[in-house]
Every structure is written in C-alpha cells, then in structure tokens.
1. On the given criteria, is Ile46 among the β-branched types (Val, Ile, Thr), more than 15 Å from the chain's Cα centre (by Cα), crowded, with 18+ Cβ neighbours inside 10 Å and over 30 Å from Lys122 (Cβ atoms)?
2. Quickly run through the stretch 5-33 and pick out the residues that are over 20 Å from Ala154 (Cβ atoms) and touching a residue at least 40 places away in the same chain (Cβ under 8 Å).
3. Would you point out the residue of the stretch 116-136, among those that are of a type in the set (Ser, Thr, Tyr) and touching a residue at least 24 places away in the same chain (Cβ under 8 Å), that is surrounded by the most Cβ atoms within 10 Å (Cβ to Cβ)?
4. Select the helices (runs of 4 or more DSSP H) contained entirely in the stretch 29-126, then report the ones holding at least 2 residues which are closer than 21 Å to Ile202 by Cα.
5. What number of residues within the stretch 194-223 are over 23 Å from Gln10 (Cβ atoms) and buried (at least 16 other Cβ atoms within 10 Å of the Cβ)?
6. With respect to Lys139, is the statement that it is loosely packed, with under 14 Cβ neighbours inside 10 Å and of a type outside the set (A, V, I, L, M, F, W, C) true?
7. Identify, please: which residue in the stretch 147-195 is part of a loop (DSSP other than H, G, I, E, B) and modelled with pLDDT of 90 or more and is, among those, nearest to the chain's Cα centre (by Cα)?
8. Looking at the stretch 8-43 only, could you name the residues that are surrounded by 19 or more Cβ atoms within 10 Å (Cβ to Cβ), of a type in the set (Lys, Arg) and farther than 19 Å from Phe175 by Cβ?
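The values are calculated or read from the model by the stated rules, or taken from the named source; none is laboratory data. Given the structure is predicted, the values throughout are model-derived calculations rather than measurements. Methodologically, a virtual Cβ is constructed for each residue, glycine included, from the backbone with ideal geometry; neighbour enumeration extends over all protein chains shown.
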Amino acid sequence: MLELKNISFQRDHKKILDQINLTFDENAFYVITGANGSGKSTLAKIIMGLIKPDSGQILFNGQDITDKNASERANLGIGFAFQQPVCFKGITVLDLLKIAEKNKVDKKEICDLLSAVGLCAKEYIHREVNNSLSGGELKRIEIATVFARHPKLAIFDEPEAGIDLWSFQNLTEVFQKMKENDRITLVISHQERILNLADQIIVMEKGKVKQMGKKEEILSSLLQPVCCKKGGDSCESCR
C-alpha cells in the first residue's frame, strides 16, 4: 500500500501540489489524468523520490519513506519509467536488463522480458540503447527494465509521449498484461485506451485531486464534450 498524506510542493513561489491525500492499494491499476500543469508528473516524481515535497508524508507498506532518496526507494521495490526514456551509449539491451536485475537474470529470462513487451529478443538483445532506436522501442525497453526489477509499485509517466500509433497499441497490450501481476501500477496519462484499463482514475486540476473513483464512475464525465459540461446546447456528437 502507498499512502500520500498532505503532500504539497511549490516552485518559484507557485503552488504545484496542494494538500494531496491519496491511498493506493495492492493489486490495482491506477491512472492519474488531468490537464497539462495540473501536477501529475510532479506527483509521480515525488513518489519516486526524484523531487522532495515541501510538506507531507509518504508511507510505503507502512514504512515512512518521505526522506528516502530514489535509490533507496528503488531498493524497497518502487520502479519508475520516465516520460522520455534515457539513452545509454555503449550499453546494450542485455547489459541494461542485467543492471536492472543486479546480474541475477539469465539470457532466457531476458528473452522472456523482451517478449513480454513485444520485442524479438534475437533482434534486440545485443543492440545499443541509443538514438538508433525509435521512441516506441526505447519505451518498451524501459518498461522491460521496470519488469526486471519486479517492483511492488511501478510508475509510468506519460508512456504514450512521443511514440507512433503502432507502438502505442503495443504499449496498451503490455499494460493489459501488467494488470495480471501482483503489484500497484500507477500510470500518468490522458489517453482513453489507457484510462480504460484503470481500476481507479484520479483526476487532478490545479495541483489538487478533483475526482477519484472507479473507471465507470469517472470516464463518462471525462469524455463528455466541453459544450455539454458547460451546460450549453449539445453538439452533434451528443445528439
């Protein structure tokens, strides 16, 4: 279980997060959504320990991790995939996955990890993790590194950013598989396909939690046309 208690953060005297209180249960898939600038990515980075909150407390499986850094949180079982995956010149996919698994993984397991994210191990295992790979390939390799760590909590910051439609379809299939695993999965996204995978959707607005609930309760209002939300005449799509 992950608990956020009264998390607040500001930058350059601007409030980014304001008294966030959330609880994430095990074996559940959460999607945090909201407009640009609502605080989604900042919240994800605070959970991972990449940013320190100005106030509040973070509990992970009952342990206070508020003052722990990202490496310490990773050792406790928290994994993070960046919005823009990092390239590693001179490091192969095999090297990267071994590093993620602390050299405890063999070649067969690495092949299984790559297959799980829709990549042919024979074609990718010895390739360098550099800019010769497409955005979609880098995303899937990064997700494989998260899998390799066997995290209790896996966080993905806008995994759909900068990838083509075909790769995005593959990513949604990967996330569908993740729902079968015994972990908390937390995805920052505004894509309908990913929102449809959620057990719970959290809507953020101006640094606050505006709504939280089951997909069936939240999704219909999110997808409602703006004209109808404002109470005006219905548009063609609503008639």
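1. Judged against the criteria, Ile46 is not a match.
2. Hits for the stretch 5-33 are Lys5, Asn6, Ser8, Phe9, Gln10, Lys15, Ile16, Leu17, Asp18, Gln19, Asn21.
3. Once the filter is applied, the top-ranked residue is Tyr124.
4. The helices (runs of 4 or more DSSP H) meeting that bar are 40-48.
5. 10
6. So Lys139 fails the test.
7. Only one residue tops the list, namely Ser189.
8. Result: no residue meets the conditions.
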